[in-house]
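To keep things clear, I will list the structure first and then write my remarks on it.
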Amino acid sequence: MLKTLMTSTIVGGLALTGAALADGHGGPYAPYEGTTLIVNFPSHPHYNAVLEVLPQFTEETGIEVEVDMLPYLDMRERQTLELSLDEGAYDLIAYVVFSKADYVYADQIYNLAPFFMNPRLADPNYDAEDLIDGYVQNIGVAGGERGYLPGPTGSLYGLPFGSETSVMYYRTDVFEELGLEPAEDYDTLLEQACLIPEQMPGMGGVASRAASGHQASHAFLLHLAPLGGRVFGEGWEPTINSPEGVAAAEALRTIVECGPEGSSAFGPAEAANAFAQGQAAMFIDSIAFAPTFEDESRSTVAGNVGWAPHPCAEACASQTGGFGLAIPRNAAEPEAAFLLMQWLTSREGDLAVAMAGGNPSRFSTYANEELNELYPWSATFGAALENADPDWRPIIPPWGRINADIGTTMSQVLTEGLDIQEALDGVADRTRALMEEEGYYVWQ
């Protein structure tokens, strides 16, 4: 359902600065006053915060915004339809990171260079250097190294907005009672994951995603990069079945076996709820869950939650993902959509959304004293971004099928006792065949 946003809200005492003039909407926004933008956002804590801030954009610019907010799992299907039409419904979309390759490859979203080159549109005070570079690389750049990372041939197609990295949440009261410190390495993490249930029967060690499909794949990849593994090596040769890949699968199996009851069927919401309801002592996942854990109406552990960077092993490599903003090629109002995108991701816009409970996209936002006073976990999350890995999963067009195969196979490892090396060898063989079919080896 479309939600029309008309009223004005100033978030956290912040009055956003823009080009609005005292006698009306002037400056760069004047040609677009009265325009109505239709945008597609996911039902997600970050975008719930955006809804609180959007009325300020309309007040400053005279540009109305209607939001089609869809469940996260339904958003991709709707976008796939709309982007294929001659005239699509959306002027601006929020996309999931692994959609980037598909949309760019199909030429369905704009390259942003012409907008940033246009002096009538580009804010000279935008300060792109302040954007979190790992997020920009992961969410926004395509065409460079490996086709989805920065490089001499890369270009910007989106801006990070609602981006996330992984951190470790832990129960400060449980750790204090058992005399533990939050794990900095995987050996300690896995030891604690199974020690805690022994010491406190009925409590799991780590709550984790593990449900068959995308969730099991995500959970496996969460440990693959820190343990030194990658899905592909040089020349797109699958390396998922390397010793590092086996170690990552073994780590996930240990975590699930020592986790709360029912872990093998958990998605992110179920895993987060297990931690929030005191069924696990640790939770390694997205920064987006922090407000929930401190909300006494939804969490029984509020006030007893600590935050730490994702543990390291062969490397320090937390996940990087979440959402970005892009302008569809078939948008009716691409220039006005760019102005909205730029406004939301500006220093002022990013801080306002963060103060309302969203995920920052800028270093300056994480460093803001008012934000850190309101949300004490922000300082830890900002520090964790030093290890955010933009290449923890390959964002290529065949990834959807590879991801599904990993997720189904990993679920069989967790629930049916499938041999890990045999399972990953099978994934590697099927991945190699798919990459051959898709043309990734024609230059070899």
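The values are calculated or read from the model by the stated rules, or taken from the named source; none is laboratory data. Model, not experiment: these values are computed from the prediction. So basically every Cβ, Gly included, is an ideal-geometry build from the backbone, and we count neighbours across all protein chains shown. Each accessible area value is taken on the protein alone, full model and side chains, heavy atoms only, with ligands, DNA and RNA left out. Shrake-Rupley method; radii C 1.70, N 1.55, O 1.52, S 1.80 Å.
The residues listed here are P182, P152; of these, the one that is in a loop (DSSP other than H, G, I, E, B) and in contact with a Phe, Trp or Tyr (Cβ under 7 Å, 6 or more places away or on another chain) is P182. Inside region 159-173, residues that are in a helix (DSSP H, G or I) and small (G, A, S) make up a count of 0. Between P71, P114, P55, P119, the distinction of being at pLDDT below 95 and either open to solvent by 10 Å² or more (accessible area, probe 1.4 Å) or over 21 Å from R362 (Cβ atoms) (or both) belongs to P71 only. Restricting attention to region 136-149, which residues are touching an Asp or Glu at 6+ places or on another chain (Cβ under 9 Å) and either surrounded by 19 or more Cβ atoms within 10 Å (Cβ to Cβ) or free of Cβ contacts under 8 Å to residues at least 12 places away in the same chain (or both)? If the condition is that a residue be touching an Asp or Glu at 6+ places or on another chain (Cβ under 9 Å) and either surrounded by 19 or more Cβ atoms within 10 Å (Cβ to Cβ) or free of Cβ contacts under 8 Å to residues at least 12 places away in the same chain (or both), then Q137, N138, E145, Y148 are the ones that fit.
Considering the conditions (1) within 21 Å of the chain's Cα centre (by Cα); (2) closer than 20 Å to R432 by Cα; (3) open to solvent by 30 Å² or more (accessible area, probe 1.4 Å), S217 is excluded by exactly one of them, (3). Within region 126-135, the residues that satisfy the criterion of being more than 20 Å from K100 (Cα to Cα) and either touching a helix residue (DSSP H, G or I) at 6+ places or on another chain (Cβ under 7 Å) or in contact (Cβ under 8 Å) with a residue 60 or more places away in the chain (or both) are Y126, D127, D130. When E184, E191 are screened for being of a type in the set (D, E), over 30 Å from F363 (Cβ atoms), open to solvent by 10 Å² or more (accessible area, probe 1.4 Å) and out of contact with any Asp or Glu (no Cβ under 6 Å at 6 or more places or on another chain), only E191 passes.
Checked against the criterion of being under 17 Å from H218 (Cβ atoms), in a loop (DSSP other than H, G, I, E, B) and touching a residue at least 12 places away in the same chain (Cβ under 8 Å), the candidates I396, I406 yield just one match: I396. Of all residues in region 155-181, those satisfying the criterion of being open to solvent by 10 Å² or more (accessible area, probe 1.4 Å), at pLDDT 95 or above and either among the hydrophobic types (A, V, I, L, M, F, W, C) or on the phi < 0 side of the Ramachandran plot (or both) are S155, L156, Y157, Y170, R171, T172, D173, E176, E177, L178, L180, E181.
What are the residues in region 231-253 that are of a type in the set (D, E, K, R) and buried (at least 20 other Cβ atoms within 10 Å of the Cβ), if any?
If we filter region 231-253 for residues that are of a type in the set (D, E, K, R), which is where we start, we get 234, 237, 244, 250, 253.
Result: E244, single match.
For the criterion of being assigned to a loop (DSSP other than H, G, I, E, B), open to solvent by 10 Å² or more (accessible area, probe 1.4 Å) and closer than 21 Å to V413 by Cβ, R209 passes.
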